[in-house]
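Written out below as structure tokens is the structure these notes cover.
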Amino acid sequence: MKRTIVFILIIASTFSYGYSQNQADCFKEDLEFLKINLPQKHVNLFTKISQREFEQQIASIESKIDSLDEKSFFCELFQLITAIGDEHTRIEPQHLFKYTVPIRFTLFKEGIFVTETTQPNIMLAKLLEVNGVAIEEVINQFRKIIYNENPSFFETMLLFYMNNTYILKGLGLTNSAEEVLYTFETKDADTISIKLKPSQNPTMKRAEAFSLLEAYSGEGNYWYRYYPDKNCLYFNYLNCKEDKNYSFEKFCSQLFESISINKPEKLIIDLRYNGGGNSKVLNPFLIRLKNNYLNANGKLYVLIGRMTFSSALLNALNLKQNFNSVLLGQPTAGSINHFGETLTFTLPNTKATVVYSTKYFEEWKGHNGALTPDIQIDCSVKEFNKGKDEVLEYVYRVKD
């Protein structure tokens, strides 16, 4: 039998930020500053939206500016950025991340589930409502402010913002940015509602299942392990960045030494959680892989997912186009042909950071949208709770 339990979690804090002049005037000045500067600085702002449409949206925001608070003002700007259709161009309000509540979510094929929290009673519970609004409608509201032509990008950013009361208030999904009411279905089929408040540096715990997954068992920007029982070498590439105390050249030499000694049947390159950096960091590995026996059908597997973005996407695309690899997992957050190489400027009154693209990368002519895997595998919360990585399990099972 289902029962409803209500908890109120009180974790401090309220935030109040003022302006040196009338708030609406500050917003108008920032809006005009954005209107002038973003088209000038962006490499080609009017690819998916015309200049007329851009200016009409600016005018629409200005027409209601007297009725907007800071949160709703920035959600209006997010809608404008969404219409531009560039995953790298974005606006970051100055105090956005001070409104994060102590909970994190993961999307599985059954829905959105809690995978990190201060409250053990809702671990791996399914999210049903936000402040009494059904999760389906919540997702629809987020479509207004997150670029959603690429579903993986949308889903990643949805989870990123779902625990932020600044955004939830701006969308009208909460009455106050000081708390939010979440409703969950627990593993025992109970319905639990919990009020959470923004908190700085809370002590949260991850789901125990993470400790059983190979993708979360290493440290640093890159690491590898050879698994004798599976005769596979697993290379986790977490960030496209050099570790200060462990050069990628040294790492690469050790990895290929392990390949030479152990002669694995399969090489697995995991890019699922890599959000980018510098795509050239991986070059020493790619150069050596090119003529290696593992660059062959049935031996080279590349894992991609919703968080594979920017330079990591470029690395995955290189492995797709120029190597004998099989791509597994889920479509990438980054699009194959995309804007990037970002710079920033600051709005004068709100001090929000505007990130904009300075280059366009056409990596594969005629292939728009996400890089899709050769074999798509959507993971289940039930298998996750058992510590099973369904993508890796598939690679282990497949025969040459």
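The values are calculated or read from the model by the stated rules, or taken from the named source; none is laboratory data. Being a predicted model, the structure only gives us computed values, none of them experimental. Note that each Cβ is placed from the backbone with ideal geometry, even for glycine, and that neighbours are counted across all protein chains shown.
For the range 256-300, enumerate the residues that are under 20 Å from Asn231 (Cβ atoms), part of a strand (DSSP E or B) and not acidic (Asp, Glu).
Lys266, Leu267, Ile268, Ile269, Leu300
In this structure, does Glu363 turn out to be in contact with a helix residue (DSSP H, G or I) (Cβ under 6 Å, 6 or more places away or on another chain) and at pLDDT below 95?
yes
Please identify the pairs in which a residue from the range 116-138 that is surrounded by fewer than 18 Cβ atoms within 10 Å (Cβ to Cβ) has its Cβ atom under 6 Å from the Cβ atom of a residue that is in a loop (DSSP other than H, G, I, E, B) and hydrophobic (A, V, I, L, M, F, W, C), counting only partners at least 6 apart or on another chain.
Glu116/Met204; Thr118/Met204
Would you confirm, using the coordinates I've provided, whether Ile167 is under 15 Å from Leu128 (Cα atoms) and of a type in the set (Val, Ile, Thr)?
No; evaluated as a whole, the condition is false for this residue.
As an exercise: evaluate Ser310 against (1) in contact with a Phe, Trp or Tyr (Cβ under 8 Å, 6 or more places away or on another chain); (2) buried (at least 20 other Cβ atoms within 10 Å of the Cβ) and give the number of the one condition it does not meet.
Going through the list (1) in contact with a Phe, Trp or Tyr (Cβ under 8 Å, 6 or more places away or on another chain); (2) buried (at least 20 other Cβ atoms within 10 Å of the Cβ), Ser310 breaks only (1).
Under 7 Å between Cβ atoms, at least 6 apart or on separate chains: pull out the pairs that start in the range 283-298 with a residue that is more than 19 Å from Ser311 (Cα to Cα) and buried (at least 18 other Cβ atoms within 10 Å of the Cβ) and end on any residue that is at pLDDT below 95 and acidic (Asp, Glu).
Taking only residues 6 or more apart or on different chains, not a single pair turns up.
So Leu124 fits all but one of (1) aliphatic (A, V, I, L, M); (2) in a loop (DSSP other than H, G, I, E, B); (3) closer than 21 Å to Glu55 by Cα; what number is the exception?
Every condition holds for Leu124 apart from (3).
Has the range 237-254 got any residue that is under 26 Å from Lys386 (Cβ atoms) and surrounded by fewer than 17 Cβ atoms within 10 Å (Cβ to Cβ)? Outline the logic, then answer.
Taking the range 237-254 and keeping what is under 26 Å from Lys386 (Cβ atoms), we get 237-238.
Within this subset, residues satisfying the condition of being surrounded by fewer than 17 Cβ atoms within 10 Å (Cβ to Cβ) are none.
Checked against the condition, which is being under 26 Å from Lys386 (Cβ atoms) and surrounded by fewer than 17 Cβ atoms within 10 Å (Cβ to Cβ), the range 237-254 yields no hits at all.
Taking the options Tyr216, Tyr166, Tyr147, name whichever one is touching a Phe, Trp or Tyr at 6+ places or on another chain (Cβ under 7 Å), farther than 18 Å from Leu96 by Cα and either of a type in the set (A, V, I, L, M, F, W, C) or buried (at least 17 other Cβ atoms within 10 Å of the Cβ) (or both). Walk me through how you get there before you give the answer.
Working: Tyr216 fails: either of a type in the set (A, V, I, L, M, F, W, C) or buried (at least 17 other Cβ atoms within 10 Å of the Cβ) (or both); Tyr166 fails: farther than 18 Å from Leu96 by Cα.
Answer to the selection: Tyr147.
Identify all residues within the range 186-199 that are touching a residue at least 12 places away in the same chain (Cβ under 8 Å), out of contact with any Phe, Trp or Tyr (no Cβ under 9 Å at 6 or more places or on another chain) and surrounded by fewer than 17 Cβ atoms within 10 Å (Cβ to Cβ); write none if there are none.
Hits for the range 186-199 are Lys187, Ala189.
Can you tell which of Glu390, Glu363 is surrounded by fewer than 19 Cβ atoms within 10 Å (Cβ to Cβ) and either over 22 Å from Tyr234 (Cα atoms) or touching a Lys or Arg at 6+ places or on another chain (Cβ under 8 Å) (or both)?
Working: Glu390 fails: either over 22 Å from Tyr234 (Cα atoms) or touching a Lys or Arg at 6+ places or on another chain (Cβ under 8 Å) (or both).
None of the other options fit; the residue is Glu363.
Pairs only if they're at least six apart or on different chains, beta carbon under 8 angstrom, first in the range 342-366 and over 30 Å from Leu319 (Cα atoms), second of a type in the set (Gly, Ala, Ser) and buried (at least 17 other Cβ atoms within 10 Å of the Cβ); list them, first residue then second.
Once the first residue is over 30 Å from Leu319 (Cα atoms) and sits in the range 342-366, its partners that are of a type in the set (Gly, Ala, Ser) and buried (at least 17 other Cβ atoms within 10 Å of the Cβ) give Thr346/Ala352.
State yes or no: is Val326 in a helix (DSSP H, G or I), touching a strand residue (DSSP E or B) at 6+ places or on another chain (Cβ under 6 Å) and surrounded by fewer than 23 Cβ atoms within 10 Å (Cβ to Cβ)?
Values: in a helix (DSSP H, G or I): no; touching a strand residue (DSSP E or B) at 6+ places or on another chain (Cβ under 6 Å): yes; surrounded by fewer than 23 Cβ atoms within 10 Å (Cβ to Cβ): yes.
Spelling it out, it is not the case that Val326 is in a helix (DSSP H, G or I), touching a strand residue (DSSP E or B) at 6+ places or on another chain (Cβ under 6 Å) and surrounded by fewer than 23 Cβ atoms within 10 Å (Cβ to Cβ).
Return the residue satisfying two criteria in turn: it lies in the range 64-104 and is of a type in the set (Ser, Thr, Tyr) and within 18 Å of Pro39 (Cα to Cα), and of such residues it is surrounded by the fewest Cβ atoms within 10 Å (Cβ to Cβ).
Per the criteria, the residue is Thr82.
Restricting the search to the range 127-179, which residues are of a type in the set (Phe, Trp, Tyr) and assigned to a loop (DSSP other than H, G, I, E, B)?
Answer for the range 127-179, where residues must be of a type in the set (Phe, Trp, Tyr) and assigned to a loop (DSSP other than H, G, I, E, B): just Tyr147.
Could you list, in sequence order, all residues of the range 29-63 that are exposed (fewer than 14 other Cβ atoms within 10 Å of the Cβ), not acidic (Asp, Glu) and not in a loop (DSSP other than H, G, I, E, B)?
If the condition is that a residue be exposed (fewer than 14 other Cβ atoms within 10 Å of the Cβ), not acidic (Asp, Glu) and not in a loop (DSSP other than H, G, I, E, B), then Ile36, Gln40, Gln51, Arg52, Gln56, Ala59, Ser60, Ser63 are the ones that fit.
Collect the residues in the range 221-244 that are more than 27 Å from the chain's Cα centre (by Cα) and not basic (Lys, Arg), keeping them in residue-number order.
Result: Tyr226, Tyr227, Pro228, Asp229, Asn231, Cys232.
Specify which of the listed residues (Leu181, Leu127) is more than 22 Å from the chain's Cα centre (by Cα), modelled with pLDDT of 95 or more and of a type outside the set (Val, Ile, Thr).
On inspection, the qualifying residue turns out to be Leu181.
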